[in-house]
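The structure under discussion appears below in the form of structure tokens.
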Amino acid sequence: MPANSPQKPTVLVAGAGITGLSAAWLLARDGYPVEVHDAAPTAGGLLEPVQFRGLPCDRGSHRIHPESHPLLRELTSDAGWVEQPRRGRLVLGGRQMAYPPQVGDFLKGLGARTAAHMGLNFLTRPGALAGFKRWEEDRKTIDDDVGFEAFVTGRVGRRAYTQFYAPYVEKVWGLHPNEISQTVAKARISTASPLTTLSKALKSGPVPDRVFLYPRGGMVELIEFFQTGLKLAGVPIHYDSPIGTKEVQAWKGPVLYSGHLSDLVDQPNLKHRGLYLLHIALPKGSVGQTDTFYLPERDFWFGRVSQPARFSDELSDDECDVLCLEIPEGRWGNDHDFSEDILKIQAQLVHAGIIPSTVDIGEMKQTFVPRVYPMYKRNWTQYWSEALRQVASMGQILPIGRQGLFLHCNIDQCVYIADEAVRHLNAGGTAADWIPKAKGFLDLRVRD
Ligand SMILES: Cc1cc2nc3c(=O)[nH]c(=O)nc-3n(C[C@H](O)[C@H](O)[C@H](O)COP(=O)(O)OP(=O)(O)OC[C@H]3O[C@@H](n4cnc5c(N)ncnc54)[C@H](O)[C@@H]3O)c2cc1C
């Protein structure tokens, strides 16, 4: 790394999650003096591990997709990536099928009757004759927010909506889908028309997303990688040091802010929901080779169940099988104690076919992760634009990353945004010029 250049201003980086640390590293590489401040006592944010039985388990199922933005892997090529075949299972209607589902598996899994009903419902939905051009248009417009329910039923029909989409969003956001923005559907549901998707799938055969990338010792290795790099570059990281309006306004140079946007501006419409993680131990051999189970239906409190040992051998426990259950805050509030519910959880795991009825949950550790899912209520982008304008009026402050930009995005996308912000500073861009660029990040698609 070059020595700090005296002409460059010192940059304040708020947040030591993957966004803040990668931004600091890129700044230091470009010769900026940098200071990192994090509100928490440790680095990592959502990538800080949960210690369970001595293993550094991720905060829920985390993986890097092969088509992810290459910068993350370029910067962390020494982090010891392992490639893993993907072994996901989707639990639907009492059946398990491969995840992501291939068309054939999916139809087989649904059963002929349900599949036929869904197909008929799709073809006869209101507005079906309006053509498929609208999928392309949907990609661009976010100003007229018709809400999740109207958006999805108009595209896939009511049957598919009630079976998959409505239970999923109710579970994650704890709201009626009509109150939720259509942008949630756009970030998660393919904006290609179902016919395009189907014909592509039939032409291309198996879905290519069958491997994923993972740091051998867990996601925390990415954090440690940047921490080490920053230490060598002489960049200080201050913990227990929250950055608020007062601090950013007092700072003389640029600020890259990866803390929560709603902590910087008074905007009651940009709130989050939290997530409970339950790490549980089961007798060795209780769970098969699956890395993650996906459970969108209402029967299950958890939306995903992952098995750390299937992400890397280094996360394998010699004596037990370990699972991580993700239970969105939803109806629970933020202070529920799941230790009273072990038998119900066990029964749900059996019902989903994840564990046999003959085994009992041993140890369990509960972790509540606050502010995980941005509450994307209808028309939230208007409040978001207002919030970004307020931030820009405070000085040379660029909000970045998942929290700074109120995004539901992936790790590689956080690093890409950090890089874009550093390029923006290098080009002499202002905070006001950052807003249109930031708006472009709202179109990033989440990969699961
Ligand atoms: C359950 C789950 C599964 C996921 N799975 C995947 C996956 O498979 N693949 C993938 O690519 N991504 C996944 N993600 C997304 C990924 O974890 C996040 O996008 C990424 O870690 C966000 O990094 P960040 O640095 O932007 O935010 P955070 O990790 O939240 O870091 C923000 C940091 O800022 C600090 N902070 C907050 N406010 C302030 C303040 N005012 N001043 C100073 N510091 C502050 C916090 O303490 C924290 O350390 C998943 C996320 C979740 C929740």
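The values are calculated or read from the model by the stated rules, or taken from the named source; none is laboratory data. Just so it is clear, the model here is predicted, and its values are computed rather than measured. So basically every Cβ, Gly included, is an ideal-geometry build from the backbone, and we count neighbours across all protein chains shown. Just the protein is used for accessible areas: all its heavy atoms, side chains included, with ligands, DNA and RNA removed. Shrake-Rupley method; radii C 1.70, N 1.55, O 1.52, S 1.80 Å.
So the values come out like this:
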quantity: Distance violations [Cα-Cα > 25 Å] among Lys284/Lys344; Lys8/Lys246; Lys171/Lys437; Lys171/Lys377; Lys271/Lys437; Lys186/Lys246; calculated: Lys171/Lys437; Lys186/Lys246
quantity: For Glu149, solvent-accessible area (1.4 Å; no DNA, RNA or ligand), Å²; calculated: 40
quantity: Protection proxy ranking of 388-398, 434-444 - average other beta-carbon atoms within 10 Å, highest first; calculated: 388-398, 434-444
quantity: In Å², nearest 10: area of Cys414 left accessible to a 1.4 Å probe; calculated: 10
quantity: For Phe225, net neighbour charge (Lys/Arg +1, Asp/Glu -1) across residues whose Cβ lies under 15 Å away; calculated: -2
quantity: Zone of Asp144's modelled label, taken as backbone nitrogen in the range 345-387 under 16 Å from a point 7 Å along Cα→Cβ; calculated: 379
quantity: At R0 = 35 Å, FRET efficiency that the Cβ-Cβ distance of Thr114 and Gln382 yields, to 0.05; calculated: 0.35
quantity: Cα gyration tensor category, rounded, prolate or oblate, for the range 211-320 with a/c compared to 1.5; calculated: oblate
quantity: Packing-based order for 236-246, 258-268, using average beta carbon neighbours within 10 Å, highest first; calculated: 258-268, 236-246
quantity: Surface per residue (accessible, 1.4 Å probe) for the range 12-94, Å²; calculated: 33
quantity: Heavy-atom accessible area per residue - the range 390-448, 1.4 Å, Å²; calculated: 34
quantity: Distance (nanometres) between label positions extended 7 Å along Cα→Cβ at Asp443 and Gln249; calculated: 3.5
quantity: Portion, in percent, of the accessible area of the range 331-447 that falls on carbon or sulfur, probe 1.4 Å; calculated: 48
quantity: With all protein chains modelled, accessible area of Glu329 [1.4 Å, Å²]; calculated: 30
quantity: Contour excess over end-to-end distance, with Cα ends at Asp337 and Asp318 and 0.36 nm allotted per residue; calculated: 4.0 nm
